[in-house]
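Encoded as structure tokens, the structure appears first; notes follow it.
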Amino acid sequence: MRCPYCGNIDDKVVESRTLANGDAVRRRRECGACGCRFTSYERIEEKPLMVVKRDGRREPFDRKKIEAGLERAIQKRPVSRMDIERLVNEIEDQTAISAGLDRELPTSLIGEMALEKLGRLDEVAYIRFASVCRRFENLDEFIQEIKKLGERSDKKRRETVG
């Protein structure tokens, strides 16, 4: 460690202390040349969570993008701001867990996570989000998705009644 007073790199650690919940280590050091004491901190540098786009580009995970997409889908729907915040938090947590050691996740998987959660919240918002996420090419694909959603709703109603 370079001494901030004289620039010498010959120092010794006088004291080490773990900070917070083990996220950092504080070290008191003494310069071997000038005798001045200074403090250094060690923290683990976490690899950021990366999102792999459809075209292969990689960019850092941004929860604001998920939030913006969900807000467009729920526009003029009876869904509270609190519900959207909860959804985004759940997706962010699930994304961090699913990314694994390489800390990368395709956008399609994040979209499917959002769809699963949105489907339980509001069916119209689900269809809106699915039309963008799954890139429907024609009306038939759109209708098929609505039919699947209807079948799931019917199944839920039967389970609730029965």
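Each reported figure results from applying straightforward, stated rules to the coordinates on display, with no laboratory input. All values reported here derive from a predicted model rather than from experimental measurement. Cβ atoms come from the backbone with ideal geometry, glycine included; neighbour counts cover every protein chain shown.
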So how much slack lies between E112 and C6, counting 0.36 nm per residue of separation and subtracting their Cα-Cα distance, in nm?
32.5 nm
Length gain on complete extension for the stretch R77 to A24, per 0.36 nm per residue less the alpha carbon to alpha carbon distance?
14.6 nm
What are the DSSP H helices in the chain that stretch 18 Å or more along their long axis, judged by alpha-carbon atoms, and whose average Kyte-Doolittle hydropathy comes to at least 0.0?
107-121
Between the alpha-carbon centers of the range 1-65 and the range 71-103, tell me the distance in whole angstrom.
31
Cα-only Debye scattering, the range 50-161: base-10 log of I(q)/I(0) at q = 0.20 Å⁻¹
-1.13
Using +1 at the Cβ of each Lys and Arg and -1 at the Cβ of each Asp and Glu in the chain, identify which of L105, I66, C36 lies farthest towards the dipole's positive end.
C36
For the range 50-161, size of Cβ-based charge dipole, Lys and Arg +1, Asp and Glu -1, in debye
240
